[in-house]
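K.L.:
One structure is given below, represented as structure tokens, and several questions about it will come after.
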Amino acid sequence: MMMRSHLFRSTLLCGSLLCLAGCNDGSGDPKAQIGANPSLPELQQYLLPPMHIARVVGWKNGETPSVTKGLKIQAMATGLQHPRSLYTLPNGDVLVVEPKAPKAAAIKRPKEIVMGLIESWATSGGNTGESNRITLLHDSNGDGVPDQQSVFLDHLNSPFGVALVGNDLYVANTDAIVKYPYHDGDTRITAPGETLTPLPGGPIDHHWTKSLVASPDGSKLYVGVGSNSNITENGMEAEKNRADILEVDRATGRYRIFSSGLRNPNGLTFEPTSGALWTVVNERDEIGPDLVPDYMTSVKDGAFYGWPYSYYGQHVDPRVQPRRPDLVAKAIPPDYALSSHVAPLGMVFNTANGLPQSYRGGAFVGEHGSWNRQVLNGYKVVFVPFQAASRVAWPRMS
Amino acid sequence: MTSLPYEERPHSTAQIAHHPLHPMLVPVPIVCLIGALLTDIMYCVTAEMMWADFSAWLLVVGVIVGVLAAIAGLIDLLSSPAIRSLTPAWPHALGNVVVLVLAFFNALIHTRDAWTSVVPTGLILSIITVLILPVTGWLGWAMVYRHGVGVVR
């Protein structure tokens, strides 16, 4: 399985000076937080939150992640620069989106200087070079070894989501959805893009990845816009149209808030059986190693999922002021917890025949991995089998 | 008290051309920590993050310059038996160590995100800190204005 063409292997670096309590954050079994009814411990507040940063190192020659029985893994492409999301075109060509994070906003607090340093350990795989581009992988005989690896689209602005409707290819940059002409077999786009609609971007652009999917009939685009903070510490005015899934009319570019209170929604995908829109969401940090579970959920039109006022339904977050009991009363819990701090960034439903039959009818979720707990969580791809009527069951690691 | 001749006054060791460093540095933490209480109060009243951000900066600068002032003061204290024998010397030093420790933990509390970076723990620590400051300040001033520590003429 080549869902993660990652070039990095993570080793562990104890966040030494931050690991004051002997590297034991009192976290429980992450499996107790997988499923429809995760156990939620009491909220904790810290002088220094538990941290454990996985440092980036390269893969050794021939080294791969391990996969479960019946699957095989090999690198489909190497030499990529910060690959962050994938999109498969109808002819089987794979687009690898290689974004750079947008320019950081002006420092607001001394904490940001320290956090910037710590985060640079987790992401600095050296110079990412000329990224902010999309690479095309063309594999004509399907052996997992592309005969062509070339730049498909370049000079983008922190791109993440891609969606194709007919001959219109949409790229969700961090600040706009841009439309390009695409025809079957194209291996490079040189035409200038046309902005369909601007999206909430800088100058503060905390969660900058814009996940994108087109509705099955092609009339609408859905875009995930993450919050502009962990928990409103950049001020409420920075959160306009954020922590939302926006529904964009493809003909006019006008958008409306489809669903709200989703802190950082990614992996937008339509579930093939029910036709419902699903997303994976990165929940809030710094209230404990087992809070708040990240989750996957079907997304209902007009629904509010709590952020920032509450989590997992109506558990009030005391860090948000002013309180909004009226909104907390409306907050609904998501469908399925993936456990805390796993940082799901991608999700795909398996509708193809290439994998063993047991992987039919379910979703693969790519988990970027935790920083806000001592015992690492995530850093893997999990499979969540869907039972009839979109009821989800215990996921398998894969 | 009658003024002592220069030779009999306690001397400052951490000084530049007879200008003691400690009294030059102490206004910075005093102003920063009092300022942090004021901006904490403003944040409590408004819930506007700008005020909490101000508090975080004031506490960090207050602690950093406060540590420098403490080092200068400690050098004066430890290198002069005359200073150590003054009644206000140790209460002044220990009181301000308490201030710095409280301000350090307060700075950590202020690294939390949003409301609970101030309310209630941060605000309480800011209040206690500012309540200690006039006492230790009074003792410090007594050492200069009454006992002539570091005074040349």
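K.L.:
Which residues, counting only those in the range A:80-90, are over 13 Å from A:Gly161 (Cβ atoms) and modelled with pLDDT under 95?
P.N.:
Listed by number, the residues that qualify are A:Leu80, A:Gln81, A:His82, A:Pro83.
K.L.:
Would you confirm whether any residue within the range A:176-189 is within 18 Å of A:Ala101 (Cβ to Cβ) and at pLDDT 95 or above?
P.N.:
Step one: list which residues in the range A:176-189 are within 18 Å of A:Ala101 (Cβ to Cβ), which gives A:176.
Pick out the ones that are also at pLDDT 95 or above and you get A:176.
Checking the range A:176-189: at least one residue is within 18 Å of A:Ala101 (Cβ to Cβ) and at pLDDT 95 or above.
K.L.:
Restricting to the range A:40-67, give me the number of residues that are more than 23 Å from the chain's Cα centre (by Cα) and away from every other protein chain (no Cβ under 14 Å).
P.N.:
Total meeting the criteria: 6.
K.L.:
Here's something else I'd like to know. Among the candidates A:Pro289, A:Pro308, A:Pro318, single out the residue that is in a loop (DSSP other than H, G, I, E, B), closer than 22 Å to B:Ile109 by Cα, at pLDDT 95 or above and in contact with a Lys or Arg (Cβ under 7 Å, 6 or more places away or on another chain).
P.N.:
The conditions single out A:Pro289.
K.L.:
Among the strands (runs of 3 or more DSSP E) lying completely within the range A:200-250, list those that include at least 2 residues that are in contact (Cβ under 8 Å) with a residue 24 or more places away in the chain, within 14 Å of chain B (Cβ to nearest Cβ) and under 25 Å from A:His341 (Cβ atoms).
P.N.:
It comes to none.
K.L.:
Could you look through the range A:91-116, keep only residues that are basic (Lys, Arg) and modelled with pLDDT under 95, and pick out the one that is farthest from A:Pro344 (Cα to Cα)?
P.N.:
Per the stated criteria, the residue is A:Lys103.
K.L.:
For B:Ala93, all conditions in the list (1) within 14 Å of another protein chain (Cβ to nearest Cβ); (2) buried (at least 20 other Cβ atoms within 10 Å of the Cβ); (3) of a type outside the set (Lys, Arg) hold save one; what is the number of the exception?
P.N.:
Checking B:Ala93 against (1) within 14 Å of another protein chain (Cβ to nearest Cβ); (2) buried (at least 20 other Cβ atoms within 10 Å of the Cβ); (3) of a type outside the set (Lys, Arg), the one that fails is (1).
K.L.:
All but one of (1) in contact with a strand residue (DSSP E or B) (Cβ under 8 Å, 6 or more places away or on another chain); (2) aliphatic (A, V, I, L, M); (3) closer than 23 Å to A:Lys103 by Cβ hold for A:Ile204, so report the exception by its number.
P.N.:
Among (1) in contact with a strand residue (DSSP E or B) (Cβ under 8 Å, 6 or more places away or on another chain); (2) aliphatic (A, V, I, L, M); (3) closer than 23 Å to A:Lys103 by Cβ, A:Ile204 violates only (1).
K.L.:
How many residues does the range B:75-90 hold that are surrounded by 15 or more Cβ atoms within 10 Å (Cβ to Cβ) and part of a helix (DSSP H, G or I)?
P.N.:
Total meeting the criteria: 5.
K.L.:
Then there is this: Give me a count of the residues in the range A:286-316 that are within 13 Å of chain B (Cβ to nearest Cβ) and touching a strand residue (DSSP E or B) at 6+ places or on another chain (Cβ under 6 Å).
P.N.:
Total meeting the criteria: 1.
K.L.:
From (1) more than 14 Å from chain A (Cβ to nearest Cβ); (2) over 11 Å from the mean Cα position of the chain (by Cα), pick out the condition that doesn't hold for B:Ala114.
P.N.:
Evaluating B:Ala114 over (1) more than 14 Å from chain A (Cβ to nearest Cβ); (2) over 11 Å from the mean Cα position of the chain (by Cα) leaves (1) as the failure.
The values are calculated or read from the model by the stated rules, or taken from the named source; none is laboratory data. In this text, all values refer to a predicted model and were calculated from it rather than measured experimentally. Because the Cβ atoms are built from the backbone with ideal geometry, glycine has one as well, and the counts that use them run over all protein chains shown.
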